[in-house]
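Report on the following structure.
Each value in this text was obtained by applying a stated rule to the coordinates, not by laboratory testing. Remember, it's a predicted structure, so these values are computed and weren't measured experimentally. Neighbour counts run over all protein chains shown; Cβ positions are idealised from the backbone, glycine included.
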Amino acid sequence: MKIKAKLVLGIGLLFSMIALLTTMSSVYINKLSAETKNILVDNYNTIDYTRNMLVALNNGIAAQPQLEAFQENLKRQEGNISEVGEEELTQKLAQDFLQLKQKPMDSLLTKTVRTDISDIMLMNMQAIRRKSSLAEVTADKAIFWISLVGTVCFLIAFILLINLPGNIANPIKELSNSIKQIADQNYSQRVHFESHNEFGELATAFNTMAEKLEEYKASNLEKLMIEKKRIETLIDNMNDPVIGLDNLGLILFMNTTALNITGLKREDALGKLVQNIAVKNDLMRMLIQELFDSKEVASIPNTPIKIYADQKESYFQKEIIPINIVPTGEKAEKQIGNVILLQNITPYKELDFAKTNFIATVSHELKTPISSIKMSVQLLESKQIGTVNDEQKSLLDGIKDDANRLLKITGELLNMTQVESGSIQLKVIKADAEEILQYAIHANKQAAEQKQIKFHLDIANNLPLLMADSDKTAWVLTNLISNALRYSYEHSTVHLKIATVNDFMQFSVADGGQGIAPEYLDKIFDRYFRVPGSKKEGTGLGLSISKEFIEAQGGTLSVTSELGLGSTFTIQLPIHRMA
Ligand code: ADP
C-alpha cells in the first residue's frame, strides 16, 4: 500500500473513530440527562404535592388554610400526570376529597383520601426506581460503548505510533546511507525495500541509477586503462627521453630512453622522489636543478647537454613543461607536476660540427691563395716588373680591395669556427691599452682617410695595465672602428676613449653615424644578424665574434645608440692587479 494511502487511511480511521466517540458520548449524556430530568420533573413533583396534601390532611382540612393548601396541591397534581394509571388514581383522589370536604371530620373518608394519596406516591416512587434503573442501564451501555470505541481509537493510534514513523524514517535512513556510499564511489551499493509503496519505487530508481553508475565506472575505467596504456607505450617508444614528475617531485613515469641515459632501473626510479635520486645521479641533478632551485633558473642558459650513453656522445636540448589543469568544479588553473623532455639533437649537432669544420677548412685553404693574390698585386703596384697604366692601376685597386675583403671574411669565418667549436685559444697577459688602440687605429687608417673621417682620442693619463689577449682585443677594436667608419658619414669624427671604471679598463668607440633602432640593439650581437636595409657589405659575424672574444677574457661588450645620432660601443676588460 502507498504511504499516502496508508497515512490517509490511518489518520482518517482515527479521525472517524474520534468523531464516533464524541457523537456517542454526547448522545448518551443527552439521554441520561433527559431521563434524570423526567424523574425530577414528573415524579419528584408528584411526591412533593402528595406529601403537602398529606401534611394538610394531618393538620385537618376543616381549617380553611389547610383546605386551600390541599386544593392547591391537588390542582398541581392534576396538571402533573406522567405515569400510566396515575390519572385514574388522581381522579379518585379528587372525588374522595370532594366527599371529605362535605364531611371533614369523617375518619373513614380521611383514611380513604390518605390511601389515595399514598397510592399516587407509591406509583411515582416505583416509577422513580424504574427510571433510575433505566438510567443506570443507559449509563452502563454508554460506558461500554465509549470504552469500546476509545479502546479501538487507542489501538489504532498505538499501531500508527509504532508503525508509521519507522515506516517512513527507516527507508529514508537506508536510502541516505546508500547515497553516501555512492558519493564515496561504492557503486555496488543497493537498497532493498520490499514494500510496493513510494519507497519501493524510489529504491528501484536508486538501484537502477547505482547499476548504471557501476556500468559507467567499469566502462570508463577500462577505457581509461586502454588510453593510459596507449600513452605509456607511446612515451616509452619515443626516442627522446621523457620524465614525468608530480608537484612534490615524485617520479610518475620515465621512458626507456630516459632510463638508459640516466643509468637508472625502472623499479629504482618510479614512485621515488627525484630529489633523492639526484643526490647520487649527476645527470638527474642537472636535469632538475632549475625545478628546485628558483634562484638558479635565470642564470642557467638553455645550452645543449652532452651525455655519454650507449658508448657514444649525444646532445640533448632540455625543456621543462609545467602540467597545468583546471580541477573539476574550480576555475583557477593549478599546476600538478612537470614533464622533463630531452630532445635528442645529436644529428643536428653532428651536422653543425661538419659545417664548422667545412667553413674552417675552406677559410683556411682560401687564406693562402688570397694572400698570394695580394702579394702579386703589391708586386704589380711596386712597378718592379714593369709599369702599369692608369686603367690597369684602377683594376689592380679593385683586385686589392676585393682581396682585402675576402681576407677579412675568411678571417671572420675562421674566428667564428673557433668560437663555435669552443676552442678559442686565449693568451691573457699584461697588456697596454693604448698600444692595442693604436694598432686598431692603424689598421683602419686607410679607410678613415678614404671617407675623410677624423679620430678624436681621449686617453686618460697613467693608465694601468690590463689583463687581456692583445691580438683578440685589437681584432675586436679594429672591427668596432671599422664599423664606426662604415656606418658614419664622410667628414665626421669618430671618438675613441680609454679610461678606467672601477676595476675595469674601458674602451669606447663612438660615432655620429646612422645609429641603430632600439628594437635591433639586442640582436646585433647575434651571429649573421644585420640590421634590415643595411646596404654596407658585411657578414653579420663581426659583433658576435667580438662579444665572444671579450667575454672569454672576462670582460663585457655593450652598445648604446640613438637612431640618426650615432652609436657608442664599449668594451670593459679587467685591470691587471699588482701583486
Ligand atoms: P657586419 O659585417 O654586417 O658589419 P657586424 O656584426 O659587425 O656585421 O654588425 C652587425 C650589424 O650591426 C651591422 O650589419 C649593422 O647593421 C649594425 N652596426 C654595427 N656597428 C654599427 C655602427 N657603428 N653604426 C650603425 N650600425 C652598426
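In percent, rounded to a whole number, the relative contact order of the range 237-344 is 28, using alpha-carbon pairs under 8 Å and six or more apart.
Can you give the FRET efficiency to the nearest 0.05 for F154 and S132, using r as the Cβ-Cβ distance and R₀ = 25 Å? The partial results should precede the final answer.
Values: r = 32 Å, r/R0 = 1.27.
The value I calculate is 0.20.
Placing unit charges on the Cβ atoms only, positive for Lys and Arg and negative for Asp and Glu, gives the range 24-95 a dipole magnitude near 160 debye about its Cα centre. Evaluating 6.51 cos²θ - 1.76 cosθ + 1.60 at θ = phi - 60° for every residue in the range 154-162, the Karplus couplings come out as 4, 4, 4, 4, 5, 4, 4, 4, 6 Hz, glycine and proline recorded as x. With K and R counted +1 and D and E -1, the other residues having a Cβ less than 9 Å from that of Y315 yield a net charge of 0.
Counting charges near I117 (Lys, Arg +1; Asp, Glu -1) among other residues having Cβ under 10 Å from its Cβ returns a value of -1. Here the range 539-573 is scanned for amide nitrogen atoms under 12 Å from the site 7 Å beyond the Cα of A460 along Cα-to-Cβ, giving 573. Available extension along the chain between A5 and A139 is 44.5 nm, counting 0.36 nm per residue and deducting the alpha carbon span.
Count charges around L224 for me, please; just the other residues with Cβ under 11 Å from its Cβ, Lys/Arg as +1, Asp/Glu as -1.
+3
With each run of n ≥ 4 DSSP H residues scored as -39500 (n - 2.57), what mean residue ellipticity at 222 nm is computed for the chain after dividing by its residue count and rounding to the nearest 500 deg cm²/dmol?
-21000 deg cm²/dmol
For E174 and S33, FRET efficiency with R0 = 51 Å and r from the beta-carbon atoms, rounded to 0.05? If you can, show how the numbers build up before the last one.
Details: r = 56 Å, r/R0 = 1.09.
Computed FRET efficiency for S33 and E174: 0.40.
Which FRET efficiency value, to the nearest 0.05, do you get for K111 and S16 by plugging their Cβ-Cβ distance into 1/(1 + (r/R0)^6) with R0 = 60 Å? The pair K111/S16 has a calculated efficiency of 0.40.
Given the Cα-Cα distance of K229 and R190 and 0.36 nm per residue of separation, how much length would full extension add, in nm?
On the way: separation 39, 0.36 × 39 = 14.04 nm, distance 3.24 nm.
Length gained, K229 through R190: 10.8 nm.
Under 5 Å between amide hydrogens, built in the peptide plane, is the criterion, and for M505 it picks out L573, I575 among residues at least 5 positions away or on other chains.
Taking label points 7 Å from Cα along the Cα-to-Cβ direction, Q378 and R527 give a separation of 3.2 nm.
Please return the longest stretch of the chain lacking exposed loop sites, where chymotrypsin sites (Phe, Trp or Tyr not before Pro) count only if DSSP places them in a loop and at most 16 other Cβ atoms lie within 10 Å. Of all site-free stretches, the longest is 1-488.
Over all alpha-carbon pairs in the range 345-453, figure out the percentage whose distance exceeds 21 Å. Taking all Cα-Cα pairs of the range 345-453, the fraction more than 21 Å apart is 58 percent. Compared with the alpha-carbon gap, the fully stretched path from Q311 to I323 is longer by 1.0 nm at 0.36 nm per residue. Sparse packing (at most 12 other Cβ atoms within 10 Å of the Cβ) combined with a DSSP loop state is found for the following trypsin sites (Lys or Arg not before Pro) in the range 218-289: K265.
Taking the inverse of the mean reciprocal distance over all distinct Cα pairs, the Kirkwood hydrodynamic radius of the chain comes to 38.5 Å.
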